[in-house]
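For reference, the structure is listed below as structure tokens.
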Amino acid sequence: MQILGLEQLDKWCLSLLSDCSSRQIVLLSGELGAGKTRLVQSFVQCLGGDTTASPTFSVINEYSTESITVYHVDLYRLETPEELESVGFWDLFEKESGIIFIEWPERLQESELPLDWDKMKIRIDLVEDPSLRKYTLLQL
């Protein structure tokens, strides 16, 4: 568990990148406004990528970086398993490599995720100081 401000987040993300494989799933949990999209922005910037945006309406955003493609998926608005298929969610796992960040993973069964991709889970919680967040990392 880490309690970090924005100025420390990039350094923490950089340290986590050493634990990421070339086929990595990162499940992001936390309430609305906890900072899930901001965490993805830090990862993409650490990888040399451009600015990111929340995929709430597009569901899946793709970012090219200097070393790997990052996919940012927001399942918040999806209500049925059929919607996962229709937005191309499962197609992401046919890629040779990538880091796939999934916001609101509670909307799918983690057991359905492919076994040949490494997984980690990061829980983001608000704390009393609004400039800080509590980040809890779980390897799956």
Exercise for review: State yes or no: is VAL40 free of Cβ contacts under 8 Å to residues at least 40 places away in the same chain and either surrounded by 13 or more Cβ atoms within 10 Å (Cβ to Cβ) or acidic (Asp, Glu) (or both)?
Suggested key: no
Check your understanding: Among the listed residues SER29, SER131, SER97, which satisfies the condition of being in contact (Cβ under 8 Å) with a residue 40 or more places away in the chain, over 23 Å from LYS11 (Cα atoms) and in contact with a strand residue (DSSP E or B) (Cβ under 7 Å, 6 or more places away or on another chain)?
Key -> SER97
Check your understanding: Can you pull out the residues in the range 15-35 that are over 21 Å from PRO55 (Cα atoms) and either under 14 Å from the mean Cα position of the chain (by Cα) or assigned to a loop (DSSP other than H, G, I, E, B) (or both)?
Key -> LEU16, LEU17, SER18, ASP19, CYS20, SER21, SER22
Exercise for review: Mind listing whichever residues of the range 28-37 are surrounded by 15 or more Cβ atoms within 10 Å (Cβ to Cβ) and of a type in the set (A, V, I, L, M, F, W, C)?
Suggested key: LEU28, ALA34
**Study point:** TYR76 being in contact with a strand residue (DSSP E or B) (Cβ under 6 Å, 6 or more places away or on another chain), of a type in the set (Ser, Thr, Tyr) and free of Cβ contacts under 8 Å to residues at least 60 places away in the same chain
**Key:** no
**Study point:** ILE25 surrounded by fewer than 15 Cβ atoms within 10 Å (Cβ to Cβ) and either of a type in the set (Asp, Glu) or within 24 Å of LYS134 (Cα to Cα) (or both)
**Key:** no
Revision key, fill the gap. Note on LEU6: of the conditions (1) surrounded by fewer than 20 Cβ atoms within 10 Å (Cβ to Cβ); (2) at pLDDT 90 or above, unmet is (2)
Practice item. Starting from residues that are among the aliphatic types (A, V, I, L, M) and modelled with pLDDT of 95 or more, keep the ones in the range 81-109 and report whichever is farthest from the chain's Cα centre (by Cα). Key: LEU92
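The values are calculated or read from the model by the stated rules, or taken from the named source; none is laboratory data. Because the structure is predicted, anything quoted here is derived from the model rather than measured. Virtual Cβ from ideal backbone geometry, glycine too; neighbours counted across all protein chains shown.
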